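**Student:** Before I ask anything, here is the structure I am working with.
The values are calculated or read from the model by the stated rules, or taken from the named source; none is laboratory data. Keep in mind the model is a prediction, meaning the values are calculated, not measured. Note that each Cβ is placed from the backbone with ideal geometry, even for glycine, and that neighbours are counted across all protein chains shown. Note: accessible area is taken over every heavy atom of the protein model, side chains too, but ligands, DNA and RNA are not part of it. Shrake-Rupley method; radii C 1.70, N 1.55, O 1.52, S 1.80 Å.
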Protein chains: 2
Amino acid sequence: MKFLDTRSPDFQAELEALLAFETAQDPKIDQIVADICADVQKRGDAAVVEYTNRFDGTSAQSFADLTLSQDDLKAAFARIPADIQTALKTSAARVESYHRRQKLESWTYEDEDGTLLGQQITPLDRVGIYVPGGKAAYPSSVIMNAMPAHVAGVKEIIMVVPTPKGERNDIVLAAAFVAGVTKVFTIGGAQAVAALAYGTESVPQVDKITGPGNAFVAAAKRRVFGVVGIDMVAGPSEILVIADGTTPAEWVAMDLFSQAEHDEIAQAILIATSQAYLDEVKAAQEKLIAEMPRRAIIEASLGNRGAMILAKDLDEACETANYICPEHLELSVENPQEWAKKIRHAGAIFMGRYTSESLGDYCAGPNHVLPTSRTARFSSPLGTYDFQKRSSLIQVSEAGAQKLGKTASVLAHGESLTAHARAAEFRLKK
Amino acid sequence: MKFLDTRSPDFQAELEALLAFETAQDPKIDQIVADICADVQKRGDAAVVEYTNRFDGTSAQSFADLTLSQDDLKAAFARIPADIQTALKTSAARVESYHRRQKLESWTYEDEDGTLLGQQITPLDRVGIYVPGGKAAYPSSVIMNAMPAHVAGVKEIIMVVPTPKGERNDIVLAAAFVAGVTKVFTIGGAQAVAALAYGTESVPQVDKITGPGNAFVAAAKRRVFGVVGIDMVAGPSEILVIADGTTPAEWVAMDLFSQAEHDEIAQAILIATSQAYLDEVKAAQEKLIAEMPRRAIIEASLGNRGAMILAKDLDEACETANYICPEHLELSVENPQEWAKKIRHAGAIFMGRYTSESLGDYCAGPNHVLPTSRTARFSSPLGTYDFQKRSSLIQVSEAGAQKLGKTASVLAHGESLTAHARAAEFRLKK
């Protein structure tokens, strides 16, 4: 891991270099994705079947071979070990409970003239959830994407998940069963995104697509944005741990590993206020790395993008965190709730020594789909609110129309919009 | 205006054709915008000054010539007529009052094990507001974009507005003064969007860009999405009026005109339950069109994209509205609140005969930045919530870590993420 010191005159430059990540859109990928999207829009099912067979090494004859029913999901659930069944149910129940508290409710009020104002909240009709296949297939992601939609009241939740070489992941399908997914298509890539966005003979058009994917999926989501809603275009996963030295060094070392094991471009950063504690964590890492099956990935990730930062005090550590805007922030300190108040930008804040990021990843309740790459400056965790929308409500009373009409008329004439002005003036008493 | 009848076997096909609008991204515009963005990112102020002089016909020597201070805005406010000053203040006050009700608040709760869960709400630090210049300069849009940011608690609100041939619109600048804008740069186009997204020597990098613009602005917003947040990519403006025949036909005729006068691609649709009423509105239009300064635009818009639809009853009219997902929906009917409950997709619902869309456009309180082109299926009016974001809060208690740790461990092993499992297991009592 790199070592940075906030006292160094080069600290800000070094920090910027550490966080830099090339996110430029690849024009070649864009072109391939544009062609696939256009083809799926034009030829529907036939195009999706062809691309799926070509890219996923499957041999589907028709779309029916790529379709799973509720019964298929139930059967997958029945096949998995009992302890995983229980864990999926526990996780889903906790995620459901937390997300119920996020649900938006309609509201109205009347002003002094009897004019009613408010907002009507409705769920989306139908959403699509993209779940990556193959090695990076995460059942927990199924729960984290489907459950908020379910809680929001979305009637149809369509999941797509590619099955490279036809291999289905029973735990992923079981998670879909537990999380209330309506239907699953075993398709992926840009062709799956296009099918959900435009609809085909077999795939109903959805209103929004959420869920992570590779560069092709990200490019396709960006392309269909506007035709349907999308969640966000996720970058590499990140953790920032701020430690005051009161948490066992081994715990913090393992928390950093848990981020680094995702992939080589994941980022794990530790800020502490004493060199001695940084050394302790380093020693713990050296001891613990031996027992890690994903050792090579962890070493690559920490070597390329990991860092330990020595800060003067916790105030400075929090300021640095606000610049980093981490996806996951562990405040492994005493009185973490006080320090959390100083945090302006973070996807999720894990407070206190018992709150390892992994508890939040799986089952604490909050969502694990979080803003990455400094986008916590302007975006939020995936939530129930992402599957609801608002309609403004306005019912102007006759009295209200007299007052508002005059103001609207003046402003409309100021914008040379005469019909706007006249429409307001018609409502004035003669 | 076209005429459609829901009883026709071709109705659905005709409706789809009516709503169809080519929104394909133009690869030529994309390329020009990509080049401008890259150049601004590289050369900063100098590039912005060059593009501004070239595209806006200005002769700025340096960035200082493109910068307006609070004093400049105040001076503009002082120069405009008193009735417009008052109208701007009235509008801003009503918009502020409504948007205060939208403000999200932080919340937490404890589960039965003493684990704290919740969400911390924070405002964005700094936002950019794009305001079109020239003929389509709308002071009301300044209020509708800036006020929600102001209410959310955003500290810096940076506005950009092009001034073709150096011509400044005093009412636009006065609206910026009233709505609490921090600073104005007289720049526009892709170069303004790029300057806000990446920052230059003079323009501070913002966290989100909102506001409407032409095709170049839309392409630039789409491109920088991810580096900064954006609101939405707006399409042509639309109104759908559902009338039961109890509203004076002239009022409805003028409401349709008020949408149509925006531009040739705006869309105005009327659904009524009797042919006689449709005929009345048509006759009213023929009478009223003569007094419209923007007659040519209105006729082009209604001719190209306008329609009258005869429906069997109001239930069917509401179902059709849910397919159209209009930006503006007028329920010009008796008991409009009952009918509003049947509406699943609309940007704003204007209820009752006194609620002309224009009252909502200027001063009723709700925002006039609304989802267009059927995107009300998945998106919402611009609001205070667009300038706030959420961070999940989790503080697992020692007791909570015992239960959650087991579930997390099972699921992490199921995903072959050993470090995730070990981090949870470390928190279990030995």
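**Student:** Just to be sure I understand the rule: take each whole DSSP H helix in chain A, project its Cα atoms onto its long axis, keep it if the span is 18 Å or more and its mean Kyte-Doolittle hydropathy is at least -1.0. Which ones pass?
**Tutor:** Helices meeting the criterion: A:27-43, A:82-100, A:139-152, A:275-288, A:398-414.
**Student:** Something else about it: So which of B:Lys103/B:Lys341; A:Lys74/A:Lys165; B:Lys103/B:Lys221; A:Lys208/B:Lys103; A:Lys28/B:Lys389; A:Lys287/B:Lys429 end up more than 28 Å apart, counting from Cα to Cα?
**Tutor:** With Cα atoms farther than 28 Å apart: A:Lys28/B:Lys389.
**Student:** Find the relative contact order for the range A:251-364 and round it to a whole percent, using C-alpha pairs within less than 8 Å whose residues are 6+ positions apart.
**Tutor:** 25 percent
**Student:** Expected output is a single nm value to one decimal: the length gained when fully extending between A:Glu316 and A:Glu398, i.e. 0.36 nm times separation in residues minus the C-alpha distance. What is it?
**Tutor:** 23.8 nm
**Student:** Could I ask something else about it? What's the average, rounded to a whole number, of partner chain beta-carbon atoms within 10 Å of each residue's beta-carbon in A:139-151?
**Tutor:** Going residue by residue through A:139-151 and averaging, the value is 1.
**Student:** If you average the alpha carbon positions of the range A:202-234 and of the range B:205-237, how far apart do those two centres end up, in angstrom?
**Tutor:** 18 Å
**Student:** Applying 1/(1 + (r/R0)^6) with R0 = 60 Å to the Cβ-Cβ distance of B:Phe3 and A:Glu334, what FRET efficiency is obtained, to the nearest 0.05?
**Tutor:** After rounding to 0.05, the efficiency reads 0.25.
**Student:** Would the protein assembly as shown count as rounded, prolate or oblate if I go by the C-alpha gyration tensor, calling it rounded below 1.5 in a/c and otherwise prolate when a/b exceeds b/c, oblate otherwise?
**Tutor:** Cα axes put the protein assembly as shown in the prolate bin.
**Student:** With an 8 Å Cα cut-off and a minimum separation of 6 or more residues, compute the relative contact order for chain B in percent.
**Tutor:** Relative CO of chain B lands at 20 percent.
**Student:** Given the options A:Glu238, A:Glu167, A:Glu110, which has the most mean-square fluctuation in a GNM of chain A, springs set between C-alpha atoms less than 10 angstrom apart?
**Tutor:** A:Glu110
**Student:** Under a point spin-label approximation (7 Å from Cα along Cα-to-Cβ), what is the B:Asn214-B:Tyr323 distance to one decimal in nm?
**Tutor:** It works out to 3.6 nm between the two label points.
**Student:** Need one word for the range B:27-230: rounded, prolate or oblate. Basis is the Cα gyration tensor (sqrt eigenvalues a ≥ b ≥ c); a/c below 1.5 gives rounded, then a/b vs b/c decides.
**Tutor:** oblate
**Student:** Could you tell me the calculated FRET efficiency between A:Arg79 and A:Glu286, based on Cβ-Cβ distance and R0 = 45 angstrom, to the nearest 0.05?
**Tutor:** 0.65
**Student:** Now, a different point. Which whole-number percent gives the relative contact order of the range B:27-230, counting Cα pairs below 8 Å spaced six or more residues apart?
**Tutor:** 30 percent
**Student:** Moving on. So what are the radius of gyration and Dmax for the Cα set of the range B:109-175, in Å?
**Tutor:** Using the Cα atoms of the range B:109-175, the pair Rg, Dmax is 19.0, 67 Å.
**Student:** Note the distances from B:Gln31 to each other copy's matching label point, with points 7 Å along the Cα-to-beta-carbon direction, in nm, sorted shortest first.
**Tutor:** 1.1
**Student:** Label points 7 Å out from Cα along the Cβ direction at A:Lys42 and A:Tyr109: separation in nm?
**Tutor:** Taking the two extended label points, one gets 5.4 nm.
**Student:** Right, next: Suppose you put the label 7 Å out from Cα in the Cβ direction; list, shortest first and in nm with one decimal, how far A:Ile289 is from each other copy's label.
**Tutor:** Listed shortest first, these distances are 7.9 nm.
**Student:** In addition: Describe numerically, in nm with one decimal, the distance between label points set 7 Å from Cα along Cα→Cβ at B:Gln12 and at B:Lys89.
**Tutor:** Modelled inter-label distance: 5.6 nm.
**Student:** Got a sec? Charge dipole of chain B, +1 on Cβ for Lys and Arg, -1 for Asp and Glu; which of B:Ser106, B:Ile324, B:Thr418 is way out at the positive end?
**Tutor:** In chain B, that residue is B:Thr418.
**Student:** How far is A:Glu398 from the same spot in each other copy, in nm, shortest first, if each label point sits 7 Å from Cα toward Cβ?
**Tutor:** 7.1
**Student:** Just tell me how shielded B:84-90 is by partners: mean number of partner chain Cβ atoms within 10 Å of each residue's Cβ, no decimals.
**Tutor:** Counting other chains' Cβ atoms within 10 Å and averaging over B:84-90 gives 4.
**Student:** Further, regarding this structure: Considering only protein heavy atoms, what per residue accessible area in square angstrom results for chain A with a 1.4 angstrom probe?
**Tutor:** 36 Å²
**Student:** Could you pull out the pairs from A:Lys89/A:Lys282; A:Lys312/A:Lys342; A:Lys2/B:Lys403 whose alpha carbons sit more than 25 Å apart here?
**Tutor:** Check vs 25 Å cut-off fails for A:Lys89/A:Lys282; A:Lys2/B:Lys403.
**Student:** Quick one: grab the alpha carbon gyration tensor of the range A:1-139, order the square roots of its eigenvalues as a ≥ b ≥ c, and give me rounded if a/c is under 1.5, else prolate or oblate depending on whether a/b is larger than b/c.
**Tutor:** Because its axes are fairly even, with a/c under 1.5, the range A:1-139 counts as rounded.
**Student:** Right, next: Please average, across the residues of A:335-347, the number of beta carbons from any other chain that are within 10 Å of each residue's own beta carbon, and give a whole number.
**Tutor:** 3
**Student:** Let me ask something additional. Tell me, in nm to one decimal, what length is gained between A:Glu50 and A:Arg100 on full extension, where the rule is 0.36 nm per residue of separation less the Cα-Cα distance?
**Tutor:** Extra length available between A:Glu50 and A:Arg100 comes to 13.9 nm.
**Student:** Also: Could you tell me how far the Cα centroid of the range B:298-331 sits from the Cα centroid of the range B:86-128, in Å?
**Tutor:** 34 Å
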